[in-house]
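The values are calculated or read from the model by the stated rules, or taken from the named source; none is laboratory data. These figures come from a predicted structure and were not determined experimentally. Cβ coordinates were reconstructed from backbone atoms using ideal geometry, including for glycine residues, and neighbour counts include every protein chain displayed.
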């Protein structure tokens, strides 16, 4: 929805109220639009989604309760913002706290990994009969590509079943998956060049003519478009963005010599080449046992990579137009179990957003003294995703239809939390 659409609708609301004697809420509720929030004048253009698979412990990262027995052995350190303290395992992000919008009041209804992962990525409960699109797919579908040669979204990590899925959208809106960032985009180089490659492409088109005439459907055309996109990328200098070995050794070391760190470096390069959405996944956060020996290494990996990413995005001027999200499917139990671990805990947990017009050096929401429940400003998963969508200029009230003609929107019934924006 653009601004002129909003103004026209606002005029209709006022006219209805003045001349028809009806309330605007009842008039437009039937259309499924309850927010009537004006779109952002200068939305962010791109999204980097850092997903901590397994359930990141809120009480051991950004929501510390140092005076409570639930805290365990995790210590707090001061950040570069007065009043904001983070885990001692996060020294880099402590130096970047002025860029962080820390949300300590997320709450979910799903405590299962697979279902929680799906819910966080789509705002919908998992169903056997349909696959819902993720934020990356919605971003590309409604905002288009920034670089026509590059893919609209990329997933970097080992497990990509639900991460930024294209859902029921056409295949072109699904993410390009890269399992090893050090290897980049495999099999992207062709041994054919110039006229030889073009002759092969023309021959393929000739052979496909009869098939395309017989099966002239939208999904078939979409696969053809994907093939064309792949060929253009093979011939494009943009292909170099996938090669992190072009970065100097010092830069690569700053991000961390591990798949997540190198994945964040690749994400930065792809954002610089105008890919709309990049997700990087880090697994291992399911700390049912030995939580306090696992957290230092997990946090170090995440902290080093995200700190370097924020630093580089700010230096290049890309942070203002890029939303960086750090999230997970749920938190961990504040009470330590008998295995010195923490179990699944959807009732209260933390996520962090940086860049893209969000407030920096800001903490939103609050949990109880022992981090067991949200006591101030709860945010549901659909509200969280609606907020990210709003930041990106994705209309949260726009309805698109699945192949079975069922209506869906980017964040289900979620509403943007405007207090999070600067």
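For residue 77, state whether it is over 30 Å from residue 239 (Cα atoms), part of a loop (DSSP other than H, G, I, E, B) and in the same structural domain as residue 345 (by TED's automatic domain parsing).
No.
Please specify each residue of the stretch 341-357 satisfying the condition of being out of contact with any helix residue (DSSP H, G or I) (no Cβ under 6 Å at 6 or more places or on another chain) and part of a strand (DSSP E or B).
344, 345, 349, 350, 351, 352, 353
Do we find a residue being at positive phi and either modelled with pLDDT under 95 or in contact with a helix residue (DSSP H, G or I) (Cβ under 9 Å, 6 or more places away or on another chain) (or both) anywhere in the stretch 163-177?
Scanning the stretch 163-177 turns up at least one residue that is at positive phi and either modelled with pLDDT under 95 or in contact with a helix residue (DSSP H, G or I) (Cβ under 9 Å, 6 or more places away or on another chain) (or both).
Kindly indicate which of 336, 325 is touching a helix residue (DSSP H, G or I) at 6+ places or on another chain (Cβ under 8 Å) and closer than 30 Å to residue 172 by Cβ.
Going through 336, 325 in turn, the sole match is 325.
For the stretch 399-416, what are the residues that are more than 16 Å from the chain's Cα centre (by Cα) and either within 18 Å of residue 41 (Cβ to Cβ) or assigned to a helix (DSSP H, G or I) (or both)?
none
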